[in-house]
1. Set the Förster radius R0 to 41 Å, insert the Cβ-Cβ distance between B:SER313 and B:VAL334 as r into 1/(1 + (r/R0)^6), and round the FRET efficiency to 0.05.
2. Please compute, for peptide A:97-108, the average count of beta-carbon atoms on other protein chains lying within 10 Å of each residue's beta-carbon.
3. Based on the mean of other Cβ atoms within 10 Å per residue, sort peptides A:371-378, A:401-408 so the most packed one is first.
4. Calculate for chain B the 222 nm mean residue ellipticity that helices alone would give, adding -39,500 (n - 2.57) per DSSP H run of length 4 or more and normalising by residue count, nearest 500 deg cm²/dmol.
5. Karplus couplings for the stretch A:96-101 from phi (6.51 cos²θ - 1.76 cosθ + 1.60, θ = phi - 60°), rounded to Hz, Gly and Pro as x?
6. Between B:ILE167 and A:GLU380, how many nm apart are label points set 7 Å from Cα along the C-beta direction?
7. Report for the protein assembly as shown the percent antiparallel among DSSP-assigned beta bridges with both residues inside it, nearest 5.
8. What does the structure give for A:134-140 when I average, per residue, the other chain Cβ atoms found within 10 Å of the residue Cβ?
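Please treat every number below as a calculation from the coordinates, not as lab data. Owing to the predicted nature of the structure, the values given are computational and were not obtained by experimental measurement. Here Cβ is always computed from backbone atoms with ideal geometry, including for glycine, and neighbour counts include all displayed protein chains.
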Amino acid sequence: MQTENVLEMQGICKSFPGVRALHNVSFTLRKGEVHGLMGENGAGKSTLIKVMTGVYEKDAGHMMVEGKPIHFRSPEEAQDFGVGTVYQEITLCPNLTVAENMFIGRGRYAFVNWKRMKEKTTQLLGSFGIPARPTQQLSSCSLAVQQMIAIARAMDMDCKILILDEPTSSLDEDEVRKLFSLMRELKSRGVGIVFVTHFLDQVYEISDRITVLRNGELIGEYDASSLSQFELVSKMMGKALEDVSQMKRREPSARDGGEPVLEATGLSSAAGVRPFDFTIRKGEINGFTGLLGSGRSESVRAIFAADKVTGGEIKMNGKKVKISEPIHAMKLGIGYLPEDRKGDGIIADLSVRDNIVLALQVLKGFFKPLSRKQAEAFAEEYIEYLKIKAPSTSTPITSLSGGNQQKVILARWLLTHLQYLILDEPTRGIDVGTKVEIQRLVLKFAEDGVSVTFISSEIEEMLRTCSRLIVMKDRAIVGELTGENLTETDIMHVIAG
Amino acid sequence: MESTNTIKRRERVSDSNLLFAIAAVIFVLMYGFGILSFPRDFLQSQTFFDLFNLNAPLIIVTLGLSIVMVGGGIDISVGQVTALVTMCCAVFLQSRSGSVGGAMLLALGIGIAFGLLQGLLIAYLKIQPFIITLAGMFLASGLLTIIHKDPINVTMPSFVRLMDFQIVIPSLGTLNRLGRFIPLEIKPGTVVVLVLVVVLVILMNWSRFGRNLYAVGGNNQSALMLGINVQRTKFYSYVLSGLLSGIAGFVFIMTTGAGNVGNAYGFEIKAIAGSIIGGTMLIGGVGNLIGSPFGALTLLTINELIRADGVNSDFQAIASGMLLCVFIVLQNAVLRLRGTSSFKLALPGWLVPARRDR
């Protein structure tokens, strides 16, 4: 076995405004190995990869390629140095031809030799068995073909390090097999391969070693053969933090047997969730759990019609309703706090007050404005109720901390006197103290008769708040846990299958 | 999960070429309409070449703007930079040390200077191109009025000779109203336009810079990840646009022979319209440079048609506006139709694409 390191990263730190994406992470890649990089959503895998390839500049730490310190300032530099990458999102240019996408940005030519490029592309497409023509515009290829093209491009570059970030997410089994045999071939030629995926079976099939990240921190580096699938899942999901675990777990209340508030049957959406059934009762807190990509967010988005609903029906309080747009859901008293707080949740330019009254105003219609006085009163009431730390109601929301921003959005929904609240990762990226507070608030809402669906990557958090957990895998529901079965071990057994 | 085994029988044209084809067809139709309605004017080959002779500067500016737009940017300083160049050249040529060669260098210099400055700010400091070039436009028009307010006619002999120079092709002449035969005249500006079209089309379709620019315009982030130096590529596109404004300025003064504050007025707007009609999309990444002169000419032909019809010239603007509107709707409709499979019946088989994802 070769032990020569082709890539060494030490003490890598990277922060974005308000988020610490990587903290003191180390990573080594040997020559001729496949190294699985694992972690939950938001663990920092993609950030680490983008640091490797020069998309992001690291805030601190060292990086060495073949023993030489190196600092990539752009993907161009990394590529020239022999780092080939397939990114998670397909990063090709839709307006160019397949052949151009294979070769653009590579080499230092002055003019394009279309004929040679076409020939070489035909060859490449043939050897990978990709059903596309070189002169076809990329946007006319299916997503899977585009992904194969991206892989072929990276493989064709004579690279020392090959980084594959979720390369298999839209490939079928045959294509995955083909990819793996290519990876083995490159491996035997001494290329170091970083492999990121959320398919556990695939990691074990191909990886020699596995590095686990969680919350931007390094959990550990293991030999794939000595780490069981169960251990891996528990390392990815993590144990609870000491101070949070002091909170008492929620006892099932009498309300859990109450009237169903929302019943969905055969619901499916354009985001690719398999048709599922779902019920929630008055005052109940339940949750969707599963690994990244299992479809937990997509499921709740289907209920709120945040993605295009493609099938199924929903009953609200026993009556059949039609929810095809988020506004319909809002009018029925459903609230949704999205996963991506920055993108979907806060309106960054508005004040705390305006952000709080936003949903109520939308429901009232814009021709019946809330008076300034009313808005002020509502804002003050909820700042008090949720203990939002804001200097005044007219403070811009962006000046609040992440946790307090989250509370503002909670307030926004509560103000509409809703029956059912969906919280998707409400505690991500906020500090421990505020996390606990938000969990307490969720419990309090349930006491007040609001039904809540709670989603979190941190399993401990869900165990404390939810009385029923729906376990998802590969975009389908694989199990449901209640009462005594509601333990971390049980969840992991269901997920690991 | 989508199967990769869906392959279409026939290849479809790229968006750029489709839009170009539409532009070319529309131009031909429009000109054909002109011939049918006003055979007197439109059958004369001189009318066709006069479109180039008189509007060479606008076509050149349109080419530059199309390049920037392919890269996903915009440059609205082009008109005023062109005007500034005409005035500077006029003042310089009338001065004691004036020379034609010097004026050419001056024109190129001013154009490149604006291109460099704007490109630097836009590409490397990542400021909105609209704002930067708006500032550039104000700067240029301000400089223009500072340098000289009143119209200057250039009387320098060697320049006048250049101005009056024309290529005469006797075999393509026409009879004028009095029945006298007048041979076809082609101005140097037309030659400049043709040379530039050839050079720029080669640049955009075969050079690394050109292809990288399409990639940048198509998807900035992807282009970066594919290892393209996005900043430098953008920067060059603005320099090129500036350079072309400089050339346009010199061609302008070769056409009119005078520096005037009102020169090249509204060129930026006409050039944007011409680019769009020529099949370059404002969102970037799509466009064919041969389309740009067609776009500009379509716009001019409409004006010509209206003039031949004897309608109030105010209607020219309205017609141009409507045409532009029709074009953008058409472009979007065509691209959207290709993007979905639900309109299958409305399209011939070779146009029906595989479902476009996301």
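1. 0.80
2. Counting other chains' Cβ atoms within 10 Å and averaging over A:97-108 gives 4.
3. Ranking the peptides A:371-378, A:401-408 by packing returns A:401-408, A:371-378.
4. When only DSSP H runs of four or more count, the value is -22000 deg cm²/dmol.
5. 9, 7, 4, 4, 5, 4
6. It works out to 8.1 nm between the two label points.
7. Given both bridge residues lie in the protein assembly as shown, the antiparallel proportion sits at roughly 60 percent.
8. 6
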